Each structure stands twice: as C-alpha cells, then as structure tokens.
Amino acid sequence: MADDDYIYDEATGEWLSAADAAAKASAASEVRDSAGNILADGDAVTLIKDLKVKGAGQTLKQGTVIRSIRLTDNPEEIDCRHDAIKGLVLRTEFVRKKT
C-alpha cells in the first residue's frame with residue numbers, strides 16, 4: 001500500500017489516507033464497556049443498573065456479576081450466561097468490566 005492511497009469514508013464524507021482508514025477500522029472493532037474499558041472474551045462484568053429481561057419475567061439487579069462473556073459481531077452487545085437465564089445478550093452501555 002502506497003502512502004498516497006486514499007479511501008472515501010461514506011459515513012463522514014471525507015477522504016482518508018489508507019493508514020488512517022485502517023486505524024479507524026481497528027478502533028471501531030474494539031468492544032468497550034460503559035467506562036471505556038476494552039472487553040474481551042471470557043471477561044467478567046458487573047451490571048451498572050437494574051435490567052428487566054424480556055421473555056424471562058425477571059429483573060437482573062445492579063451489581064450482578066456476569067462471568068465468561070462472549071463478544072458478538074455487534075460491538076455494542078455481548079453474549080453471556082446467568083444462572084437463571086441462558087442465551088442472554090446485554091448492551092455494553094449497561095455493564096462495567098470487573099477488575
């Protein structure tokens with residue numbers, strides 16, 4: 001790839017250098033929690049607010065720890081399991097990485 005290669009970014013309507021476009025694409029694929037921490041497969045997260053679970057008829061309380069998360073194709077969602085709920089998908093804006 002030459003230094004003078006440019007790629008048109010349809011989202012912003014700007015021409016970006018190939019290096020800038022590659023950096024932007026890699027940053028967009030990172031999954032971050034509500035505090036901005038990078039999440040990875042197998043991490044444990046804590047809920048930051050009470051969440052009503054559709055279809056399960058129950059509420060997950062703030063402070064609930066969810067272990068062994070899995071990342072999905074959508075950087076705003078994680079796949080996880082809870083003792084009472086299997087196949088749970090949570091939005092990353094409602095979780096914080098447990099340290």
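Read-outs: derived from the displayed coordinates by stated rules, not from any lab. Predicted model, so just to flag it, every value in this text is computed and none were measured. Please note: Cβ atoms are built from the backbone with ideal geometry, for glycine as well, and neighbour counts cover all protein chains shown.
Within the range 7-92, the GluC sites (Glu not before Pro) that combine a DSSP coil assignment with at most 12 other C-beta atoms in a 10 angstrom radius are GLU10, GLU30, GLU76. Site-free segments of the chain were taken between trypsin sites (Lys or Arg not before Pro) in DSSP loops having at most 10 other Cβ atoms within 10 Å, sites themselves excluded; the longest one is 1-53.
Taking other residues whose beta carbon is less than 14 angstrom from the beta carbon of ASN74, and scoring Lys, Arg as +1 and Asp, Glu as -1, yields -3.
Extension gain, THR99 to LYS49: 0.36 nm times the residue separation minus the Cα-Cα distance gives 16.2 nm. If I fit a long axis through the Cα atoms of helix 18-28 and take the longest principal axis of the Cα atoms of the chain, what angle between them do I get, 0 to 90°, rounded to 10? Between the helix axis and the principal axis of the chain, the angle is about 0 degrees. For the chain, lysine pairs separated by 8 or more sequence positions, or belonging to different chains, with Cα-Cα distances below 27 Å total 18. Put one equal scatterer on each alpha carbon of the chain, apply the Debye formula with no solvent term, and list log10 I(q)/I(0) at q = 0.18 1/Å to two decimals. Calculated log10 I(q)/I(0) at the listed q: -0.80. When the chain is treated as a Gaussian network with alpha carbon springs shorter than 10 Å, the biggest mean-square fluctuation among ASP33, ASP50, ASP20 belongs to ASP20. Across 10 Å bins from 0, what is the distribution of all Cα-Cα pair distances for the range 45-97, in whole percents? Whole-percent P(r) values from 0 Å outward: 25, 64, 12. Note on ALA11 and SER68: the model spin-label points, each 7 Å out from Cα along the C-beta direction, lie 3.2 nm apart.
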